[in-house]
1. Are any residues in the range 98-122 outside any loop (DSSP other than H, G, I, E, B), open to solvent by less than 10 Å² (accessible area, probe 1.4 Å) and at pLDDT 95 or above, and if so, which ones?
2. Tally up the residues in the range 185-206 that are part of a loop (DSSP other than H, G, I, E, B), out of contact with any helix residue (DSSP H, G or I) (no Cβ under 7 Å at 6 or more places or on another chain) and not charged (D, E, K, R), please.
3. Failed condition for residue 80, given (1) open to solvent by 40 Å² or more (accessible area, probe 1.4 Å); (2) of a type outside the set (Phe, Trp, Tyr); (3) outside any loop (DSSP other than H, G, I, E, B), with all others met?
4. Anything in the range 159-179 that is part of a loop (DSSP other than H, G, I, E, B) and open to solvent by 60 Å² or more (accessible area, probe 1.4 Å)? List them, or say none.
5. Identify, from the list 147, 127, the residue that is outside any loop (DSSP other than H, G, I, E, B) and either under 17 Å from residue 28 (Cβ atoms) or among the polar types (S, T, N, Q) (or both).
6. One residue is enough: does the range 59-70 have a residue meeting the conditions in a strand (DSSP E or B), modelled with pLDDT of 95 or more and surrounded by 15 or more Cβ atoms within 10 Å (Cβ to Cβ)?
7. May I ask you to verify whether residue 92 is in contact with a helix residue (DSSP H, G or I) (Cβ under 7 Å, 6 or more places away or on another chain), touching a residue at least 12 places away in the same chain (Cβ under 8 Å) and not in a loop (DSSP other than H, G, I, E, B)?
8. Under the condition of being open to solvent by 30 Å² or more (accessible area, probe 1.4 Å) and not charged (D, E, K, R), which residue from the range 196-211 is modelled with the highest pLDDT?
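The values are calculated or read from the model by the stated rules, or taken from the named source; none is laboratory data. Nothing here was measured: the structure is a model prediction, and the numbers come from that model. FYI the Cβ positions are ideal-geometry reconstructions off the backbone, even for glycines, and counts take in every protein chain you see. Please note that ligands, DNA and RNA were not included when accessible areas were found on the heavy atoms of the full protein model with its side chains. Shrake-Rupley method; radii C 1.70, N 1.55, O 1.52, S 1.80 Å.
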Amino acid sequence: LRKPDKRTPACGECTNCVQTPGYDDKQFFHYKPHITALLDLAGVDYFDHLEWFNDLDEMHRYCRTAFHKVLVDLDRLMPGFDFARRFTSIVAQNRHVLRLLCYKMPMHPGQELAKNHTDRNFGTFHVAETHQGLVLSLPDGERKGLVPNDYMPEPGKVLMFTGNKAYDLTSAALRKVVHGVFVPNDFVPQPEVEPRMSMVFFGHVFPEVLR
């Protein structure tokens, strides 16, 4: 785990998030299937974490499979973009990331844990969270603007939303969803409450734009 500092983008080494100025106080871990080879090259001893890596590998594979199925359906709705083929390209396969996050403690009602931002990738799976907090700013026709909507996680389900690459590739036919993380106003602080943790999957496509 690595904690961002003044020299590090808030989202870490992949600079996946486009954020307002400032840095989110969080720790994160990026998992890719070839991470053990990278750790070997770096001389890192990860033997005690092999079981954990196996679990993450299974989740990464599940996310890739589910993401691909979504894109196959999207190809039927929007023919000509070849979303599924772009997702399974060799270049894209090396960029899909499963991210584990741990936000700062303690939490207070209404506290901002992650500033509003959009993701640079094509689409994001919000897989799990220990505490509610994800807020999506979605278009509202009556109010003529973006309106914050609290996301209520459900066991056995994941939330998918699109990012900048989807917006650029489709010339805005697919929206880039603004989202942030905020502690609910009705949250009751307790000494034994653990920090908020979450898991997301960043899916990429390649090429990123039509030639």
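1. Answer for the range 98-122, where residues must be outside any loop (DSSP other than H, G, I, E, B), open to solvent by less than 10 Å² (accessible area, probe 1.4 Å) and at pLDDT 95 or above: 98, 99, 119.
2. Of the residues in that region, 8 qualify.
3. With (1) open to solvent by 40 Å² or more (accessible area, probe 1.4 Å); (2) of a type outside the set (Phe, Trp, Tyr); (3) outside any loop (DSSP other than H, G, I, E, B) applied to residue 80, the lone miss is (3).
4. Taking the range 159-179 as the starting set, the residues that turn out to be part of a loop (DSSP other than H, G, I, E, B) are 163, 170-177.
Of everything in the range 159-179, those that are part of a loop (DSSP other than H, G, I, E, B) and open to solvent by 60 Å² or more (accessible area, probe 1.4 Å) turn out to be 171, 173, 175, 176.
5. Working: 147 fails: either under 17 Å from residue 28 (Cβ atoms) or among the polar types (S, T, N, Q) (or both).
Every option except 127 fails the conditions.
6. So in the range 59-70, the residues in a strand (DSSP E or B) come out as none.
No.
7. Values: in contact with a helix residue (DSSP H, G or I) (Cβ under 7 Å, 6 or more places away or on another chain): yes; touching a residue at least 12 places away in the same chain (Cβ under 8 Å): yes; not in a loop (DSSP other than H, G, I, E, B): yes.
So residue 92 passes the test.
8. Initial filter on the range 196-211 (open to solvent by 30 Å² or more (accessible area, probe 1.4 Å)): 197, 199, 206-211.
In the following step, the residues that additionally are not charged (D, E, K, R) were identified as 197, 199, 206-207, 209-210.
On the way: 197: 92, 199: 95, 206: 89, 207: 77, 209: 58, 210: 54.
Top of the filtered list is 199.
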